[in-house]
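Okay, so here's the structure we're looking at.
The values are calculated or read from the model by the stated rules, or taken from the named source; none is laboratory data. Just so you know, these numbers come straight off a predicted model, no measurement behind them. In this analysis, Cβ positions are derived from the backbone assuming ideal geometry, glycine residues included, and neighbour counts consider all displayed protein chains. What goes into the accessible areas is simple: the full protein's heavy atoms, side chains included, and nothing from ligands, DNA or RNA. Shrake-Rupley method; radii C 1.70, N 1.55, O 1.52, S 1.80 Å.
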Amino acid sequence: MSPTPARRARLAVTAGLLLLVVSACQSSEPAEGPAFFTDVADEVGLDFVHSAFRWEVSADLPAMMGGGLCWIDYDGDGWLDLFLTNTWTGIEWGRWYAEDGIPTSALYRNDRGEFEDVGRETGIATELRGNGCVAADFDLDGHMDLYVTSDRNNALFWNNGDGTFTEGARDAGVDDNGWHTGAIVGDFNGDGWPDMFVAGYTDINNRLPGATAGFPNTFFPVRDLFYLNAGPGADGRTTFREVGEDLGLDTFAGLEDFEYGLGGAAADFDLDGDLDLYVANDTNPNRFYENVAWPGGANADPLGIGFRFEHAPESGADDDNSGMGVAAGDYTGDGRPDLFVTNLGSQLHSVYVNDTETSVSFLDGTTSLGAPDLGGDYTGWGATWADVDLDTDLDLIVANGAIPLLDRAADAEPMQVLANQVAETGAPEFLDLSAELGLDDLGPLLARGSAVADYDNDGDLDIAVNAIGSPVRLLRNDVGGRWLTVELDGFFPGALVTAVLPDGTELVRWILAGSSYLSSEDPRAHFGLGQADVVTQLRVRWPDGSETTLDDVGINRFVRVAPPD
């Protein structure tokens, strides 16, 4: 599909190379104006339709929970491509087989803002009942790989660097059977290799005797997994060993059984230099795990893991609602990552303000957030902190859809964008501006996974939504304003990027691999700059603790930063 002349002008921002540490390309400064979202999926070639419940609604629980989506630059051209998980319902399998063939997940290549389905030619469009996904360079070869969770066996698609993928979960040791959901990637033990947490959900083949609570408590839970990256094997691909129980996941004192995990996030929540883990559990308490040194040191660490997860119930972030999607980001502007967790429609969503000083501590920010309809009316899934209006503070995006799914039309719910008022009033309160930002035109969705990214490289953040049994939505953001996007030269989840403005304001962003609900978002750090005409200092704290500092960085451009030699 060839873009129109106006569209070509809109897509003219690209990243070019600059010597040494920085690569950048500056666009003309866009006219400032309010954010406004328009669904352009059809216009740009995204013709994916999620395949569950195509002909009728049935009691297929994994299909009801929906699927995620991943922004991934699989071909390394600087434009983020889009992978979407797909599934089908069991009673419709025969009809799919007889008519169109079994549905597959899809990969769409981004060609300067226009998309083409390349799933089959890349080898990634397999008949997998996909649930969640995460994009990560597991073997650090410079090519982004994909891990896909399922209610059966999980899959690992190695990026061959030639435009194709090879499935290799079994050889890598990450093909565990069972219903798994969210996947989070980061270097938790500080050895330079990316590890992975995978949430276990429920075993629908193993009913819990005498259960009186509703789903998922009618079935036994599935254990959370943690895959420690062991580095390259004989074939050059990395291998993993599963050490979740040894690390303390789901096995701490007082826990009688495993829990029903869905979403999660990894960041340095206590600001001590390593990655901690937060897990959202459905109907069980959410869990904050602090990354601590192995008790007794290396000599007492028989498996050579190098760290341990210490459950921290005193953190105050352990509500026992329906914990689905997780967003981590500094919405209060104090330099510490806060948390937002989506819950069932009859519950309020959970907002946790990071108040860590000497020990991990979160304050309940739900009632002080000031936003109407923050749960209660809608069931939330995907969630992201993102500066959609480029005014420096982080706004909140929530994708909604009812569960259980009984009627596709009646159970659809509107998306929400809640505008943060820190930049305007100094107070972290929110206004529901969904209608003003164009989301009424979108209509209600059976939304599940959502992921934010600057897909057209124009400096503002757009939203992709994977909705059950529905076409994918791509909400293009047409805000004007000042911005800076920082791309790290390599795969460094957990890195902290700080932009200092002329008035001394410090904006912080964490590089995440796996967040929202079962999804991966833009791997770059994006900053709205308000009225600033320069970033006086840009700092990157790398996962190993080293730091890179750049002074007087221009605006409305992409900056590529390399780690210290």
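Taking the square roots of 5 times each eigenvalue of the Cα gyration tensor of the range 363-507, largest first, gives ellipsoid semi-axes of 28, 19, 14 Å.
The residues of the chain present an accessible area of 36 Å² per residue when probed at 1.4 Å with all protein chains retained. Per-residue Karplus couplings for the range 172-180, computed as 6.51 cos²θ - 1.76 cosθ + 1.60 with θ equal to phi - 60°, are listed in order as 7, x, 10, 9, 3, 7, x, 7, 10 Hz, Gly and Pro entered as x. Shape class for the range 120-269, computed from the alpha carbon gyration tensor (a ≥ b ≥ c): oblate, with a/c not under 1.5 and a/b at or below b/c. Within the range 308-370, the proportion of Cα pairs with more than 15 Å between them is 52 percent.
Along the range 276-292 the Karplus relation, 6.51 cos²θ - 1.76 cosθ + 1.60 evaluated at θ = phi - 60°, assigns HN-Hα couplings of 9, 9, 10, 10, 8, 10, 6, 6, 10, x, 5, 10, 9, 10, 8, 7, 10 Hz to successive residues, with x for each Gly and Pro.
Between beta-carbons, use under 14 Å as the cut-off and find the net charge around Asp565, counting Lys and Arg +1, Asp and Glu -1. Residues near Asp565 contribute -3 overall.
Its residue count N fixes a reference of 2.2 N^0.38 Å for the range 257-410, and the Cα radius of gyration divided by that reference is 1.13. Within the accessible surface of the chain, defined with a 1.4 Å probe on protein heavy atoms only, the carbon and sulfur portion equals 49 percent. Taking Lys and Arg as +1 and Asp and Glu as -1, the other residues whose beta-carbon sits under 11 Å from that of Glu99 total 0.
As a size descriptor, the averaged projected area of the C-alpha convex hull of the range 516-557 was calculated at 4.4 nm². For the range 50-99, GluC sites (Glu not before Pro) are listed when DSSP marks them as loop and at most 11 other Cβ atoms sit within 10 Å of their Cβ; the list is Glu56, Glu99. By the Cα gyration tensor, the range 259-339 has an equivalent ellipsoid whose semi-axes, rounded to whole angstrom, run 24, 17, 10 from largest to smallest. Amide H contacts under 5 Å for Tyr331: Asp338, restricted to partners 5 or more places along the chain or on a different chain, H placed in the peptide plane at 1.01 Å from N. Taking every DSSP helix (H) stretch of at least 4 residues in the chain, weighting each as -39,500 (n - 2.57) and dividing the sum by the residue count yields a mean residue ellipticity at 222 nm of -1000 deg cm²/dmol.
3J(HN,Hα) couplings calculated from phi for the range 400-407 with the Karplus curve 6.51 cos²θ - 1.76 cosθ + 1.60 (θ = phi - 60°) are, in sequence order, 10, x, 6, 8, x, 7, 10, 9 Hz; Gly and Pro show x.
Structural size metrics of the range 189-274, computed from C-alpha coordinates, are Rg and Dmax of 16.3, 50 Å. Given the range 230-285, report the % of alpha carbon pairs whose separation exceeds 14 Å. When all Cα pairs of the range 230-285 are counted, 70 percent exceed 14 Å.
Label separation (Arg170 vs Asp191): 2.5 nm, computed from points 7 Å beyond Cα along the C-beta direction. Answer with a single label: of (1) 45; (2) 11; (3) 37, which was calculated as percent of Cα pairs over 43 Å apart from the structure in view? So the structure-derived entry is (2). In this structure, the amide hydrogen of Thr356, modeled 1.01 Å from its nitrogen in the peptide plane, lies closer than 5 angstrom to those of Ser361, counting only residues at least 5 positions away or on a different chain.
Note on Glu127 and Ala410: the model spin-label points, each 7 Å out from Cα along the C-beta direction, lie 3.5 nm apart.
Computed about its Cα centre, the charge dipole of the chain is approximately 1040 debye, with only Lys, Arg, Asp and Glu carrying charge at their Cβ.
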